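Visitor: Mind having a look at this structure? Questions to follow.
Each value in this text was obtained by applying a stated rule to the coordinates, not by laboratory testing. As the structure is a computational prediction, the values presented were derived from the model and not from experiment. Here the Cβ positions follow ideal geometry from the backbone for every residue, glycine too, while neighbour counts run over all protein chains shown.
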Protein chains: 2
Amino acid sequence: MTKTAKVLAISGGIGGAKLALGLQRVLPPGDLAVLVNTGDDFRHLGLAISPDLDTVLYTFAGVANAGAGWGREGETWNFLEELRRIDGPAWFQLGDRDLVVHVERTSRLALGESLTSIMAALGRRFGVPSAILPMTDDAVATLLDTDAGVLEFQEYFVRRRCEPRIRAVRYAGAATATANPALTGLLASPELECVVICPSNPYLSIGPVLAIAGLRDALARCPVPVVVISPIIGGRAVKGPTVKLMRELGVDVSPRSITEHYAGLIDGLVVDSEDMAFASATGVPTLVTPTLMQTLVDREALARAALGFAASLAAAPRLPRTVP
Amino acid sequence: MTKTAKVLAISGGIGGAKLALGLQRVLPPGDLAVLVNTGDDFRHLGLAISPDLDTVLYTFAGVANAGAGWGREGETWNFLEELRRIDGPAWFQLGDRDLVVHVERTSRLALGESLTSIMAALGRRFGVPSAILPMTDDAVATLLDTDAGVLEFQEYFVRRRCEPRIRAVRYAGAATATANPALTGLLASPELECVVICPSNPYLSIGPVLAIAGLRDALARCPVPVVVISPIIGGRAVKGPTVKLMRELGVDVSPRSITEHYAGLIDGLVVDSEDMAFASATGVPTLVTPTLMQTLVDREALARAALGFAASLAAAPRLPRTVP
């Protein structure tokens, strides 16, 4: 990244990356930076795997598997087939093409390079115009207290298909982790126009980011509007375990819970047209617009709507933000 | 390996593995152990690569690419294609299936497991009846002093296609390396019937094995016959840079040079029918038999001939061996 970004997005994997791509497509090259969850990162077969970073990388590079939302388009599975043949741990889907970034990342980490630097290099090699920023270069692990014991994220998400009932979510290491080194400069930059929290899972994808020491505070203090797009549409999540998790945590499945979750952080909420009834009850300025992203046009439209909404908030008197 | 091997083969990659497979096929399961060169081992993309061990593993498991002699049958190259696309170091051919053993080995080594233990586990997983023994668990690197500077083996062999002129061969680390932990027991075992040095490159494949501290001496002292199959047929090498290397080192390209190279170590030499003229001049008991292995039948025939020859040497009075 040679120029300072004008928009900072915060994203997890699949759902968040959809909007992040919309933002990349409607903004001039270099105007977007994305702070990405690394709480799902883990070691598998000794390889350093960063599912959300790679989903954003592939999505931005135009090489993602559009159907699955993760992994590569035109992927092949010969490595995995071979791993299965020798009774290796084949529950995590490692594609032949996908393996390149895991091997490259593992090798560079072993030589002492930071994840931030590695992702910048991968972004350049994949021709990505936006900055992909790991939330931290330190190890943070999203751990789930479940009725099946404490599970690492991928154990819960992939191996156990989100079946165990979650009692609590913890972000091990977050309290002592240092946020991405570019973040402070970015939040203080006069170039920055807004922060967009993508429609990712608030607990499993955005939660780890906000748990990084000082990060939530830095965001709350930043002078530009922070808007969040609700991942809940008409009481449903588009994908993933968001609704199941909200129920297990005893949270009402509605946009109101989203504003409560982000209380003190956000200046505006974007909800789907289906949730118009909630719009007057969210407690923050709320934009009602279609948020379901099925096509590239949907993504671009939501990106434009979110940016326009943020611009309108910047022009209006700001609500006070309180840091909880 | 649950039973003690009766035959110990010493082998490098492609050429040696051909005879080793012949030995495996004519011997009862478990009767063969192969001590394999690891001087070519190197790190590539952070992965621990052991070309000769894997060639033996794949050959013994019946999954080797019979045409190439290295790598897997039915291999695909999507990882490599992707690596090339992001300008990664694609000069070393890593196939999608082949990657499994590199990833597995790297991961286990990082956890502190020995190469010997890892190869034993891989051998079991691939259903291999013979013991595949790395020459050492320590790091030994075959280094080539060439007119293009000092080159690591794979740099010379793969990247530069054996083109630089070799002045000397060194085995860095060999003098302080410890031989495979099973070797002492194997050489002292009353079950052991003979040692067969496969028709591998004497300098680049067998040289590193014999350079391990104490190994050459242990072999010279072992009570059973040691026979070597000449890798030279009618002044030509079947494959690889053997002849070019012998010329560059100023060595006569003939079976006589092979006995001189192994002086003090071997009790018998096997040469090809084409080299019958040399048979009386090698200085050791010499068996003349077809040694070119094009088919499985060829491999089995040569294996039987070598074993029979060794048995005849065991029955006859032994020549004194001197350790140079």
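Visitor: Straight distance only, please: which aspartates and glutamates reach the Cα of residue B:6 with their own Cα at less than 16 Å, same-chain residues fewer than 8 apart left out?
Guide: Cα-Cα hits under 16 Å: B:31, B:191, B:193.
Visitor: Give the long-range amide H neighbours of residue A:171: residues separated by 5 or more places, or on another chain, with amide H under 5 Å away, using H modelled in the peptide plane at 1.01 Å from N.
Guide: Distant-sequence amide H within range of residue A:171: A:143.
Visitor: Another question, if that's okay. Quantify how strongly other chains surround peptide A:72-78 by giving the mean number of their Cβ atoms within 10 Å of each of its Cβ atoms. Before the final figure, lay out each step's value.
Guide: Values: counts 2, 0, 2, 2, 7, 3, 13.
Mean partner-chain Cβ count within 10 Å for A:72-78: 4.
Visitor: While we're looking at this one, here's another question. So which GluC sites (Glu not before Pro) in the stretch B:35-116 end up in coil per DSSP with only 15 or fewer other C-beta atoms within 10 Å? Could you put the intermediate results ahead of the total?
Guide: Values: sites: B:73, B:75, B:81, B:82, B:104, B:113; in loops: B:73, B:75, B:113.
Listed in order of number, the matching sites are B:73, B:113.
Visitor: What is the mean number of Cβ atoms from other protein chains located within 10 Å of the Cβ atom of each residue in peptide A:79-92, rounded to a whole number?
Guide: Working: counts 10, 3, 4, 12, 6, 1, 5, 10, 2, 5, 0, 1, 0, 0.
That works out to 4 on average.
Visitor: Moving on. Explain nothing, just compute: Karplus ³J(HN,Hα) = 6.51 cos²θ - 1.76 cosθ + 1.60, θ = phi - 60°, for every residue of the stretch A:63-76 in order, whole Hz, x for Gly and Pro.
Guide: Working through the residues one at a time gives 10, 6, 6, 5, x, 6, x, 10, x, 9, 5, x, 6, 10 Hz.
Visitor: Compute the separation of the alpha-carbon centres of the stretch B:1-58 and the stretch A:31-103 and state it in Å as a whole number.
Guide: That distance is 33 Å.
Visitor: For chain B, how big is the tail of P(r) above 26 Å, as a whole percent of Cα pairs?
Guide: That fraction is 44 percent.
Visitor: Here is a follow-up. Once the Cα gyration tensor of the stretch A:81-149 is diagonalised, what are the square roots of 5 times its eigenvalues, in whole Å and ordered largest first, as equivalent ellipsoid semi-axes? It would help to have the intermediate numbers written out before the result.
Guide: Values: eigenvalues 133, 82, 30 Å².
Rounded to whole Å, the semi-axes are 26, 20, 12.
Visitor: Same structure, new question: Where the centre of each part is set by its Cα atoms, how far does the stretch B:251-296 sit from the stretch A:164-226, in angstrom?
Guide: Using only Cα atoms to place each centre, the spacing works out to 72 Å.
Visitor: Further, regarding this structure: Given R₀ = 45 Å, FRET efficiency for residue B:139-residue A:184 by Cβ-Cβ distance, to 0.05? Display every interim value, and only then the final one.
Guide: Working: r = 43 Å, r/R0 = 0.95.
It comes to 0.60.
Visitor: In nm, what does the list of distances from residue A:236 to its counterparts in the other copies look like, shortest first, when each label sits 7 Å along Cα to Cβ?
Guide: Relative to the other copies, residue A:236 has label-point distances of 7.1 nm.
Visitor: If one takes the longest principal axis of the Cα atoms in chain B, at what angle in degrees, from 0 to 90 and to the nearest 10, does the Cα axis of helix B:296-315 lie?
Guide: That works out to roughly 40 degrees.
Visitor: Could you give the C-alpha radius of gyration of the stretch B:127-200 expressed as a fraction of 2.2 N^0.38 Å, taking N as the number of residues it contains? Display every interim value, and only then the final one.
Guide: Details: Rg = 16.3 Å, N = 74, 2.2 N^0.38 = 11.3 Å.
Normalised by 2.2 N^0.38 Å, the Cα Rg of the stretch B:127-200 equals 1.44.
Visitor: Collect residues whose amide H, placed 1.01 Å from N in the peptide plane, falls under 5 Å from the amide H of residue A:291; neighbours closer than 5 in sequence don't count.
Guide: Those qualifying (amide H under 5 Å, at least 5 residues apart or on another chain) are A:273.
Visitor: Add +1 for every Lys or Arg and -1 for every Asp or Glu among the other residues with Cβ under 13 Å from the Cβ of residue B:178, and state the total.
Guide: Working: positive: none; negative: B:137, B:138.
With Lys, Arg at +1 and Asp, Glu at -1, the neighbours total -2.
Visitor: What three numbers, in Å, describe the spread of the alpha carbons of the protein assembly as shown along their principal axes, ordered from the longest?
Guide: For the protein assembly as shown, the Cα extents along the three principal axes come out at 103, 52, 39 Å.
Visitor: Once R0 is set to 45 Å, what does the formula 1/(1 + (r/R0)^6) return for the Cβ-Cβ distance between residue B:294 and residue A:68, expressed as a FRET efficiency to the nearest 0.05?
Guide: Working: r = 47 Å, r/R0 = 1.04.
After rounding, the FRET efficiency stands at 0.45.
Visitor: Another question about this same structure. Taking the C-alpha atoms of the stretch A:1-115, how large are the radius of gyration and the largest Cα-Cα span, Dmax, in Å?
Guide: 15.3, 49
Visitor: In addition: For the stretch B:171-227, evaluate the Debye formula with one uniform point scatterer on each Cα (no solvent term) and list log10 I(q)/I(0) at q = 0.23, 0.24, 0.25, 0.31 Å⁻¹, rounded to two decimals.
Guide: Per q value, in the given order, log10 I(q)/I(0) is -0.99, -1.06, -1.12, -1.32.
Visitor: How far, in whole Å, is the nearest Cβ of chain B from the axis relating it by rotation to chain A, and which residue carries it?
Guide: Taking the axis that maps B onto A, the answer comes out as B:96, 2.
Visitor: Let me ask another. If amide hydrogens are placed 1.01 Å from N in the peptide plane, which non-local residues have theirs closer than 5 Å to the one on residue B:233?
Guide: Result for residue B:233 returns B:238.
Visitor: Excluding residue A:148 itself, calculate the net charge of residues whose Cβ lies under 14 Å from the Cβ of residue A:148, where each Lys or Arg counts +1 and each Asp or Glu counts -1. It would help to have the intermediate numbers written out before the result.
Guide: Values: positive: A:159, A:160, A:161, A:165, A:167; negative: A:145, A:147, A:152, A:155, A:163, A:248.
Charge balance near residue A:148 sits at -1.
Visitor: Compute the distance in nm between two label points, each set 7 Å from the Cα along the Cα-to-Cβ direction, one at residue B:315 and one at residue B:176.
Guide: 4.9 nm
Visitor: How large, in Å, is the stretch B:70-203 by the Kirkwood hydrodynamic radius built from its alpha-carbon pairs? Provide the component values of the computation, followed by the final result.
Guide: Values: mean 1/r = 0.0561 Å⁻¹.
Computed over Cα pairs of the stretch B:70-203, the Kirkwood hydrodynamic radius comes out at 17.8 Å.
Visitor: Right, another one. Within a Cβ distance under 12 Å of residue A:63, other residues only, what is the Lys/Arg minus Asp/Glu net charge? Can you show the working numbers first?
Guide: Values: positive: A:72, A:97, A:125, B:85; negative: A:54, A:73, A:75, A:98, B:82.
Taking every Cβ under 12 Å from that of residue A:63, the sum is -1.
Visitor: Using the per-residue mean of other Cβ atoms lying within 10 Å as a proxy for protection, in what order, highest first, do the peptides A:134-144, B:304-314, A:287-297 fall? Kindly include the intermediate steps, with their values, before the conclusion.
Guide: Working: A:134-144: 22.5, B:304-314: 18.5, A:287-297: 15.6.
Sorting A:134-144, B:304-314, A:287-297 by mean packing, highest first, produces A:134-144, B:304-314, A:287-297.
Visitor: Another question, if that's okay. Residue by residue, what Karplus-based ³J(HN,Hα) values in Hz, rounded to whole numbers, does the stretch B:153-161 have, using 6.51, -1.76 and 1.60 with θ = phi - 60° and x for Gly and Pro?
Guide: With the stated coefficients, the stretch B:153-161 comes to 4, 5, 4, 5, 6, 9, 5, 9, 6 Hz.
Visitor: Using only Cα atoms, what Kirkwood radius does the stretch A:169-303 have, in angstroms? Don't jump to the answer; show the numbers that get you there.
Guide: Numbers: mean 1/r = 0.0637 Å⁻¹.
It is 15.7 Å.
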